[in-house]
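Undergrad: The structure that follows is given in the form of structure tokens.
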């Protein structure tokens, strides 16, 4: 069952990226981000109400939201802060870069997890991990050459820096998920409900402080049908993923590979829906990223 949930999560995550790109094209970033998160949270109060009125039924369908302690609130708030920071950077990058460049970089999270482990915990990578990192960085170089043909210079573009920072920060959330679910044994719906709530609060405050007072100087905001789908696809993807990770039989290695395969959905969409160019060259570079990531994960 956990493999099926992992595949469903991957497909929904790919569709989430597609809707995100559609919403952000020539549109204001922060209100899109806030409203999509708000739309994703809207179904959550029904789960909370059901958990209080019909707890046994909600437990049977794995949608029960228990009462959270102060410690649980604090842990989940930290996760929301990490993810919100990563999202702000990633959304700005997604607006200004082709999705067929952004998605492969986002898929390379395990590389940055490994580098973080080297810097923070002084771990020594295995030979297979060194080979995987080398393949990924060669693929990055290939993407940089392809990007130049589209006017994107990796060493000078702040949007490339943004997507790399977003990916690096996002790796901490991945490690944190493992800590919450497999060490502290948090219930998935507890994390998902309060994670969604704190994201609304954090991103709402950030949008109100940064964007609203100076909205006339930014790109005008335009409502699009894909904005609520961003939040709904993400919530559905997280629901499948959290329940998959929570399964005692789940293998994190396999789930990580399934999760990264969402890039295939967004890459194909970028090529055909958004008319990204250099498709064949990018496909080879994407294959390099995925090969390197799989080597690192399997090690």
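Readers should treat all values here as calculations from the given coordinates under stated rules, not as data from a laboratory. Just so it is clear, the structure is predicted and the values come from calculations on it, not from any experiment. Glycine gets a Cβ as well: all are built from the backbone with ideal geometry, and neighbour counts include every protein chain shown.
Undergrad: Please state the relative contact order of the chain as a whole percent: Cα pairs under 8 Å, 6+ residues apart?
TA: Reported relative contact order: 45 percent.
Undergrad: Order these by the 10 Å Cβ neighbour count, fewest first: 130, 74, 211. Don't skip to the end; give the middle numbers.
TA: Numbers: 130 15, 74 10, 211 18.
Fewest-to-most ranking of 130, 74, 211: 74, 130, 211.
Undergrad: In nm², what is the average projected area of the convex hull enclosing the Cα atoms of the stretch 160-293?
TA: 10.6 nm²
Undergrad: While we're here: Which order results if 224, 156 are arranged by neighbouring Cβ count within 10 Å, fewest first? The partial results should precede the final answer.
TA: On the way: 224 17, 156 8.
Placing the least packed residue first, the sequence is 156, 224.
Undergrad: List the equivalent ellipsoid semi-axes of the stretch 1-156 in whole Å, largest first, each obtained as the square root of 5λ for an eigenvalue λ of the Cα gyration tensor. Could the numbers behind the result be given before it?
TA: Values: eigenvalues 241, 105, 50 Å².
Sorted largest first and rounded, they come to 35, 23, 16 Å.
Undergrad: Please check: in the Gaussian network model of the chain (C-alpha springs, under 10 Å), which one of 281, 21, 95 has the largest mean-square fluctuation.
TA: 281
Undergrad: Next question. What fraction of the Cα pairs in the chain, stated in percent, has a spacing above 35 angstrom?
TA: Value for the chain: 17 percent of Cα pairs lie more than 35 Å apart.
Undergrad: Let me ask something else about it. What's the exposure ranking of 17, 238, 177, going from fewest to most Cβ atoms within 10 Å?
TA: Working: 17 25, 238 21, 177 18.
Least to most surrounded, the residues fall as 177, 238, 17.
Undergrad: In addition: What residue among 157, 86, 173 shows peak mean-square fluctuation when the chain is described by a Gaussian network model with Cα springs under 10 Å?
TA: Fluctuation is largest for 157.
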